[in-house]
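See structure below.
The values are calculated or read from the model by the stated rules, or taken from the named source; none is laboratory data. Quantities reported herein were computed from a predicted structural model and do not represent experimental measurements. Ideal geometry is used to build each Cβ from the backbone, glycine not excepted, and the neighbour counts take in all protein chains shown.
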Amino acid sequence: MPRESNKARQQRALEIHKRLQQHYPEASSALNWRNAFELLVATILSAQSTDEIVNRVIKEFFEKYPTAEELAVADREELEQEIYSTGFYRRKATSIQTMAQKLVGEFDGQVPDNMKDMLTLPGVARKTANVVLNEAIHAQTGNYEGIAVDTHVKRVAYRLGLTDQTDPQKVEQDLTKLLPQQSWRQVSNALILLGREYCTARKPHHQDCPLEDLCPKLQMP
């Protein structure tokens with residue numbers, strides 16, 4: 001099968017985006033949150049866990065620690081027990097508390113509104129930063145700085161031929177070149193939903209997928 005031109009790939013990417021908008025018009029993060037601080041903590045806790053487990057945990061968690069100030073001075077052992085069910089609880093407790101301490105010490109307790117400062121926070125890499133910035137800070141303006149690439153986005157983007165990369169940051173770079181900035185938040189959320197519903201890791205449901213005819217893997221002889 002001949003290599004796809006950049007122009008053809010971009011045209012297909014735009015059609016994929018159009019269909020994802022139609023299929024998942026309300027695509028958004030499955031985590032429950034009320035402000036950027038809550039989403040930041042929840043996203044850190046969601047690593048190698050499920051949104052359902054995290055949502056159960058944070059319901060009471062944020063009643064006790066509603067701000068960075070409360071979390072920064074919390075008892076570490078209590079924190080570990082409160083987030084135990086999310087997995088890797090010791091590491092996560094360290095991450096969220098040191099993150100909160102940095103927010104208090106350097107950002108007046110507020111979550112930064114840009115990628116550069118977000119990446120200085122403990123426990124925060126580009127995926128987490130993009131989730132928080134795109135969902136809680138830039139959602140109204142569309143001035144996104146990147147695309148949140150989790151395991152679903154990475155897998156689906158590769159299968160759809162939107163990238164040849166497997167490193168999340170390189171996948172993000174490829175996607176941002178193909179798609180308009182205003183679409184970055186919706187595309188990430190929609191690809192996650194597609195990955196959970198149709199393009200699953202073990203057994204993709206090709207016959208039901210709304211992107212079946214756009215998937216290069218299925219067009220190969």
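Values computed for the structure shown
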{"read-out": "Positions within segment 1-45 being outside any helix (DSSP H, G or I) and surrounded by fewer than 13 Cβ atoms within 10 Å (Cβ to Cβ), in sequence order", "value": "Met1, Pro2, Arg3, Ser5, Pro25, Glu26, Arg34"}
{"read-out": "Answer residue from segment 61-109, given it is acidic (Asp, Glu) and under 21 Å from Ser46 (Cβ atoms) and is surrounded by the most Cβ atoms within 10 Å (Cβ to Cβ) among those", "value": "Glu82"}
{"read-out": "Which numbered condition Gln48 misses (of (1) outside any loop (DSSP other than H, G, I, E, B); (2) assigned by TED's automatic domain parsing to the domain that holds Gln81)", "value": "(1)"}
{"read-out": "Condition broken by Asp117, with the remaining ones in (1) in contact with a helix residue (DSSP H, G or I) (Cβ under 9 Å, 6 or more places away or on another chain); (2) closer than 22 Å to Asn6 by Cα satisfied", "value": "(2)"}
{"read-out": "Output for segment 39-73, where each listed residue is in contact (Cβ under 8 Å) with a residue 60 or more places away in the chain and acidic (Asp, Glu)", "value": "none"}
{"read-out": "When residues of segment 151-170 are limited to those that are free of Cβ contacts under 8 Å to residues at least 24 places away in the same chain and more than 13 Å from the chain's Cα centre (by Cα), the one nearest to Arg9 (Cα to Cα)", "value": "Thr163"}
{"read-out": "Positions within segment 110-125 being surrounded by fewer than 19 Cβ atoms within 10 Å (Cβ to Cβ) and of a type outside the set (S, T, N, Q), in sequence order", "value": "Asp113, Met115, Lys116, Asp117, Leu119, Pro122, Ala125"}
